[in-house]
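Input: a single structure, listed below in structure tokens.
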Amino acid sequence: MAGLRLGPLLRYIDGSSATIWVETSRPGTVEVRCADGSGGRAGTFQIAGHHYALVQVTGLTPGTATPYEVFLDHTRVWPLSEEPFASLPPSTIPTPGPDARMRVAFGSCRWAAPPTGEADPVGPDALDALARRIAADPAGERPDVLLLLGDQVYADETSEATRAWLAARRDLNEAPGSEVADYEEYTHLYYESWLDPQVRWLLSTVPTCMVFDDHDVIDDWNTSASWVSDMRALPWWRERVLSGLMSYWVHQHLGNLSPAEVEADPLYASLRDTPDGTDALRAFAARAEADAATVRWSYRRDFGRVRLLMVDSRAARVLEEGRRSMLDRTEATWLREQILDGRGSYDHLLIGTSLPWLLPHLVHDVEGWSSVLCRGDKGARWARLAEKLRRGADLEHWSAFPESFDELAELIAETGTGPEAPATVCVLSGDVHHAYVAEPSWPGRAGAGPDARVVQLTCSPVHNSIPLSIRLGFRFGWSAVARGLGRVFARHGGLGRPSVGWRKTGGPWFGNQLMTLTMQGRSSVLRLEHARQEETGARLEAVMETRLSQ
């Protein structure tokens, strides 16, 4: 029977159009029909025996929420008629109106929730809880867009059910063992994660923007040049990394793009013009893996007077010791151009980067210290020791790329200063399995600090474990004692003071959680909510709310 294997996922939206992504059970024409007569259609394209479509929906009315259905060759395939879908409200396409209030929810690090009725070893899923709240009151508060800031799937940490599935198709005693090995196994991860009934419905009715982090490919992906060299020597690595990039392009990246960007994409055109696009996509992934400058995973979205820049802080790195940079020069130039384009045309700037810019001072200083030692400033023996520490302790955030850290600090200060400055500049991140708010200052900068309110907002995990070591480590990491210890490392490495100072102004908070920014005009309010388990299911409970700007 014709049907959807995955989706629909509501991705790009603007005032009059949207894109909807699906995977279908067979090739065909996918049509989206909206209750107001608007809609769109697209033929499927094939990758490794799987069939996908990205449908551009046009003719939508700004400021409305329009119910829609999905058809495959004239057969309705969404909404589903069985429970629990039959009890859920219709999926809608909400389009922003002029000068509308904008709610942006964000988080990262989501293990797939276990099937309904099974015990959840890491507690309630924040996306399940969000879905339940919206379904219970469809006309009530909901995010206008959901930002998923990395680790949407875990290629290297599979569930018991996935390990059993993998064992049925290959010998897990051979590398990469219980980790995923190829494109087909990646598709299984997305099924496990996105077919959860509550989450499937949520993703059909709340627009999403996504970006990868390391676990979408492997833990500590692109930590250093020697790390890459060691991984490329493994016989299974090439298939893994190419499959990871291929599956990311299909399942996540394509939907991040505007309709104009999609239509101008030569790869997308190639896939639609051939019966099987596997080879073309694989060649694209091979070029991207060999030379990050051949592809841009970062992207820009403007929501009225809110500008979002989602920054690739994984694949765009320069890893050569002595030249290390979080973003290659082309990517850094792109970021600067997008931020400065039309200054004064936005009231709030959101910079989404999976890895936090501002970390506890001890972590920051140790990462900077390791970067100095790894490039050989203290000799080969220290360099070998520092590389082991860098890999073992995950020392590969912005502070492990000191020049990039300073460049971002200066760009933010420049953007946030002057009569055209936005009201807020928010760096949105995840990765570190806790939530906190940190605020920078520029004591050494000529003149006063930025006019904008600048904050680092870190929120993680959406659904994952939070070991005691993380709780204790990050509580200590923010302490005055840890800050003093960090300066010891910095002095040993010959590092001066960072170009900015910062302090933690909220947190740390631990649990499965989401942050939400509500922006209207130049006003911005931040809320943090934890997922709590009750007899009736997961729910979100506010644990912090604060105003960032008036």
Residue by residue through the stretch 158-194, note down the ones that are aliphatic (A, V, I, L, M) and either closer than 17 Å to Ser465 by Cβ or open to solvent by 60 Å² or more (accessible area, probe 1.4 Å) (or both).
-> Ala161, Ala164, Ala168, Ala175
Within the stretch 289-302, track down each residue that is of a type in the set (A, V, I, L, M, F, W, C), under 21 Å from Thr353 (Cβ atoms) and modelled with pLDDT of 95 or more.
-> Val295, Trp297
What single numbered condition from (1) at pLDDT below 95; (2) among the small types (Gly, Ala, Ser); (3) open to solvent by 50 Å² or more (accessible area, probe 1.4 Å) fails to hold for Ser229?
-> (1)
Pick out, from the stretch 139-258, the helices (runs of 4 or more DSSP H) lying fully within it that include 3 or more residues that are closer than 23 Å to Leu517 by Cβ and in contact (Cβ under 8 Å) with a residue 40 or more places away in the chain.
-> 197-205
Determine, yes or no, whether Val488 is open to solvent by 30 Å² or more (accessible area, probe 1.4 Å) and among the β-branched types (Val, Ile, Thr).
-> yes
Of the residues in the stretch 361-390, how many are open to solvent by 70 Å² or more (accessible area, probe 1.4 Å) and in a helix (DSSP H, G or I)?
-> 5
Any hit, the stretch 198-211, residues being over 21 Å from Leu428 (Cβ atoms), within 17 Å of the chain's Cα centre (by Cα) and modelled with pLDDT of 95 or more = no
Of Ala112, Ala86, Ala42, which residue is within 28 Å of Cys459 (Cα to Cα) and out of contact with any Pro (no Cβ under 7 Å at 6 or more places or on another chain)?
-> Ala112
Any chance you could count how many residues in the stretch 496-550 are under 30 Å from Trp369 (Cα atoms), part of a loop (DSSP other than H, G, I, E, B) and either out of contact with any strand residue (DSSP E or B) (no Cβ under 6 Å at 6 or more places or on another chain) or open to solvent by 20 Å² or more (accessible area, probe 1.4 Å) (or both)?
-> 5
Counted residues in the stretch 132-157 being more than 21 Å from Arg101 (Cβ to Cβ), open to solvent by less than 10 Å² (accessible area, probe 1.4 Å) and hydrophobic (A, V, I, L, M, F, W, C) come to 3
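The values are calculated or read from the model by the stated rules, or taken from the named source; none is laboratory data. No experiment lies behind these values; they were computed from the predicted model shown. Positions of Cβ are generated from backbone atoms using ideal geometry, with glycine treated the same way; all protein chains shown enter the neighbour counts. Just so you know, the surface numbers come from the protein's heavy atoms only, side chains and all, with ligands and any DNA or RNA stripped out. Shrake-Rupley method; radii C 1.70, N 1.55, O 1.52, S 1.80 Å.
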